[in-house]
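One structure below.
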Amino acid sequence: MAVIKKAVSKKPTTKSAPKKEVPNKVKENLEDMYVVLDNKKHQVQSQFSNIFACKEYFWKGKFIKGQKVKFIHGDGREVPVHHATNCGYTLVGKAQKLFSVSKSLCASGEASDDQQYVYINEHSVLSYVGKDDTHTIFFRVYDNINNNNNDRWVVIYID
């Protein structure tokens, strides 16, 4: 009895096309807005807040006690503006204990209001005063009621 070998065909070898890089969702949500901690810029992401019906920004990273904190646009404009009246921050929840604003006027809401309203001037400085830790900071930027894009108020909350 003869053994019959079956011919095995080889597939032609071709190089496969390089894989296209799938955009990362994090990259898609990057904004031209930054959190600056002691002069080190960190690009933030954004999402639409259904609760507040506006865009909110967020960044997760290490905060060190005593760091100066700023929010800026990509072109360096500070948010909120410091040279106009009726500008400042609202510190919500834990942000009241983790941040301090020097050279400012602070007003607390009613006892049931978990917010502090901070009116600033050109000399005001926002600082992180909590323990060294990793946090996610969230913030929303508001303009005045006339729909002028003037970056006059920032609401800050932190995990």
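The values are calculated or read from the model by the stated rules, or taken from the named source; none is laboratory data. Just so it is clear, the model here is predicted, and its values are computed rather than measured. Using ideal geometry, Cβ is built from the backbone for each residue, glycine included, and neighbour counts are taken over all protein chains shown.
Key figures
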item	result
Matching option when the condition is modelled with pLDDT of 95 or more, touching a His at 6+ places or on another chain (Cβ under 7 Å), surrounded by fewer than 19 Cβ atoms within 10 Å (Cβ to Cβ) and not hydroxyl-bearing (Ser, Thr, Tyr), among Lys68, Lys103	Lys103
Test result for Gly130, touching a residue at least 60 places away in the same chain (Cβ under 8 Å), over 14 Å from the mean Cα position of the chain (by Cα) and surrounded by fewer than 16 Cβ atoms within 10 Å (Cβ to Cβ)	no
Test: residue in region 117-124 that is within 16 Å of Phe138 (Cα to Cα), touching a Leu at 6+ places or on another chain (Cβ under 9 Å) and surrounded by 15 or more Cβ atoms within 10 Å (Cβ to Cβ)	no
Which numbered condition Gln96 fails, given (1) of a type outside the set (Ser, Thr, Tyr); (2) within 17 Å of Ile64 (Cα to Cα); (3) surrounded by fewer than 18 Cβ atoms within 10 Å (Cβ to Cβ); (4) out of contact with any Lys or Arg (no Cβ under 7 Å at 6 or more places or on another chain)	(3)
Test: Phe52 is touching a residue at least 40 places away in the same chain (Cβ under 8 Å), over 17 Å from Phe99 (Cα atoms), more than 9 Å from the chain's Cα centre (by Cα) and exposed (fewer than 12 other Cβ atoms within 10 Å of the Cβ)	yes
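Listed here are the residues, each with its yes/no results for (1) in contact with a Phe, Trp or Tyr (Cβ under 6 Å, 6 or more places away or on another chain); (2) of a type in the set (D, E, K, R); (3) outside any strand (DSSP E or B).
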residue: Lys41; (1), (2), (3): yes, yes, no
residue: Val81; (1), (2), (3): no, no, yes
residue: Thr85; (1), (2), (3): no, no, yes
residue: Tyr89; (1), (2), (3): no, no, no
residue: Val118; (1), (2), (3): yes, no, no
residue: His135; (1), (2), (3): yes, no, no
residue: Phe138; (1), (2), (3): yes, no, no
